[in-house]
Structures are given as structure tokens and as C-alpha cells.
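Peer 1: Pasting a structure below so you can have a look.
The values are calculated or read from the model by the stated rules, or taken from the named source; none is laboratory data. Bear in mind that the values here come from a model prediction, so they are computed numbers and not experimental data. Don't worry about glycine lacking a Cβ; one is built from the backbone with ideal geometry, like all the others, and counts go over all protein chains shown.
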């Protein structure tokens, strides 16, 4: 594991900037949402960048028009506002339209989970996994680090389908190395192998899962870790093949549980493939978070502190 000095959003925007130098079919649209690299994009490629203002619904409308003309479109906004304020437009203009004509629209939402921890519940995004998973034809990418994000960029260009990309707003340590060969068609990686217990996590929570697994290893308890970075359009058969060896599966997500998120994804795999594993769902309960504090403090209020998770795994 090694450190990276950029956030996932900056990694993707840098890849977009580099590609724009040789590809004039890329369009980047922003909903009045900044980043240092955007200044360079606006200066060097003024015909390929547009800031539509605080108007996420119109952002999706404009993006659809460009995509219908054959452009590869990336739209960039705060995750909570993009996924929910513009939901009808995402459903009608993107999910519905792409059933008739292929559209390469990449919805980039920053601030997954409670990564905008100090901004409160209006800026938290605990619902987007469920909301986007409801819609046909949209691939949901929930990366855990910068390396995975950079590798996904080529996939996002090659696959002429709509994608929702949910980024943590913080700089996170890298899990993957640049040498790793990632199969994006599978949609997951088994980071740690074990025999009986396994945590399936996504995004920021994959880091927490790896910490829990490492701590338990010191107590001679083996616990596998699967990083689930595609939450739609993943390889169900390949995932079931990995999961069938486990007696207990723990899902870990910075999102509401029992609401169609990662836990529901795994529950469906268990049911559809007749797996015998016990499923434990860990995430946010049925209420918004109004308390103030660090991310870890807010996790502790939800029973998601490292020690809480370790105890649950030990007891099961």
C-alpha cells in the first residue's frame, strides 16, 4: 500500500485533460463546482468545457444533447445534488434514452457517503447507491483509491454506456498499485483471501475493512476482504464463485442499509446462487446524521468504529 497525493476527482480530471490534448470528442460540464485542474481545462480547451452554474438538472439535459451528437461527456458536481436533484433527468434523459441509442455520459459525483463530514446532512450522500441502482442501463462505479480511478478512465471511454462515478471527497491511501491488472468487467477484487469470514466493502469503507482484517489477523482470526467497485453490471457468477467458500459475509458501506445498496446486492447473490452464508449488514441506520464531529466519531455513533466491527465479526 502506498500514498497518493491527489484526490480521486483530481486524478480523473487530470486523465480527462490529458485525453483532451489528442481527442476533441470529449466534453466536460460542471455545475459550478471547482477543482484546480478545471482552470487548465477551461483555459486550454474552452470549446470543450462549460460551467452551467448551480443547475444540476440542466447539466444533465445539456450532457444528453452532446452525447446524442456522439461526444464522450463527463459531468461534474457534488454527489448528493447530482444524484438526487437531477434524478428525473438522469432517469428520463439518460437511463431511458440509452435504451434507444448508446450514450457515453459519465456522471461524476464528489462527496460519497459522509466524506463532506462537516457540511452536515444536506451534503452527505447516503442514498445515491440505492437511487442509481434502481435505474436500468447505468454502471455504478464506487472506487476505493486513485489508482483504480485512473485505470477506470480508459474503461469509461471505451464503454459507450452511461456511468455514475461516486468519489470520496478526501485524499485516501492507495490500495492498488499501477502494475495491478484490474478486470472492470468483473467489478470486484478479492484483496484478502480467507476460509470462513469475509467483508465485502465499497469506496472508503474498503480501507476500514482492510484495517479490521489486519487487526483480526493479529488475533489469529482470518477475514477476507472484497473490494466491490462496480455496484451494477458486475460479474454475478464470478462473485458467487468467490463468496461460496465463506460461512459468514459482512457487508460494509457508508450508506443506508436495508435500502437496496451493497447489502442488497450481496443478499441477491446469496439467494440467486443458493449460497449458505450468513449475511451481516453494516452501514448507516434509518436516520440522517445531524451530529458534528470527525468521520470516525460519526461512524462510532452508527456502530461502525473499528472495534465495533471487530467484535461483530468475532461474535459471528
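Peer 1: Under 8 Å by Cβ, and 6 or more places apart or on different chains, what pairs join a residue from segment 254-274 that is in the same structural domain as residue 238 (by TED's automatic domain parsing) with one that is modelled with pLDDT under 95 and outside any loop (DSSP other than H, G, I, E, B)?
Peer 2: From segment 254-274, no pairs qualify.
Peer 1: Return the only residue of 149, 202, 139 being closer than 22 Å to residue 254 by Cβ and out of contact with any strand residue (DSSP E or B) (no Cβ under 7 Å at 6 or more places or on another chain).
Peer 2: Checking each option against the conditions leaves just 149.
Peer 1: Among the numbered criteria (1) surrounded by fewer than 19 Cβ atoms within 10 Å (Cβ to Cβ); (2) under 30 Å from residue 68 (Cβ atoms), which single criterion is violated by residue 152?
Peer 2: The single condition residue 152 does not satisfy is (1).
Peer 1: Looking only at strands (runs of 3 or more DSSP E) that lie completely in segment 180-278, which have at least 3 residues being under 26 Å from residue 154 (Cα atoms) and modelled with pLDDT of 95 or more?
Peer 2: On the way: elements: 188-192, 197-201, 224-228, 248-256.
Of the strands (runs of 3 or more DSSP E) lying wholly inside segment 180-278, those with at least 3 residues that are under 26 Å from residue 154 (Cα atoms) and modelled with pLDDT of 95 or more span 188-192, 224-228.
Residues are listed down the side, and each one gets a yes or a no for (1) farther than 26 Å from residue 138 by Cα; (2) surrounded by 16 or more Cβ atoms within 10 Å (Cβ to Cβ); (3) out of contact with any helix residue (DSSP H, G or I) (no Cβ under 9 Å at 6 or more places or on another chain):
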position: 159; (1), (2), (3): no, yes, yes
position: 175; (1), (2), (3): no, yes, no
position: 195; (1), (2), (3): yes, no, yes
position: 198; (1), (2), (3): yes, yes, no
position: 208; (1), (2), (3): yes, yes, no
position: 224; (1), (2), (3): yes, yes, no
position: 231; (1), (2), (3): no, yes, no
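Peer 1: Within segment 289-315, track down each residue that is loosely packed, with under 12 Cβ neighbours inside 10 Å and either touching a residue at least 12 places away in the same chain (Cβ under 8 Å) or out of contact with any helix residue (DSSP H, G or I) (no Cβ under 8 Å at 6 or more places or on another chain) (or both).
Peer 2: 290, 292, 294, 307, 315
Peer 1: Look through segment 24-34, keep the residues that are surrounded by fewer than 19 Cβ atoms within 10 Å (Cβ to Cβ) and in contact with a strand residue (DSSP E or B) (Cβ under 8 Å, 6 or more places away or on another chain), and return whichever of them is modelled with the lowest pLDDT.
Peer 2: Taking segment 24-34 as the starting set, the residues that turn out to be surrounded by fewer than 19 Cβ atoms within 10 Å (Cβ to Cβ) are 24-25, 32, 34.
Those still in the list that are in contact with a strand residue (DSSP E or B) (Cβ under 8 Å, 6 or more places away or on another chain) too: 25, 32.
On the way: 25: 96, 32: 88.
In this case the residue turns out to be 32.
Peer 1: Say we look at segment 151-173 and pick out the residues that are part of a loop (DSSP other than H, G, I, E, B) and within 15 Å of the chain's Cα centre (by Cα); which of these is nearest to residue 88 (Cα to Cα)? Steps first, please.
Peer 2: Looking only at segment 151-173, we keep the residues that are part of a loop (DSSP other than H, G, I, E, B), and these are 159-162, 168-173.
Those still in the list that are within 15 Å of the chain's Cα centre (by Cα) too: 162, 168-172.
On the way: 162: 15, 168: 24, 169: 25, 170: 28, 171: 31, 172: 32 Å.
Residue satisfying both the conditions and the ranking: 162.
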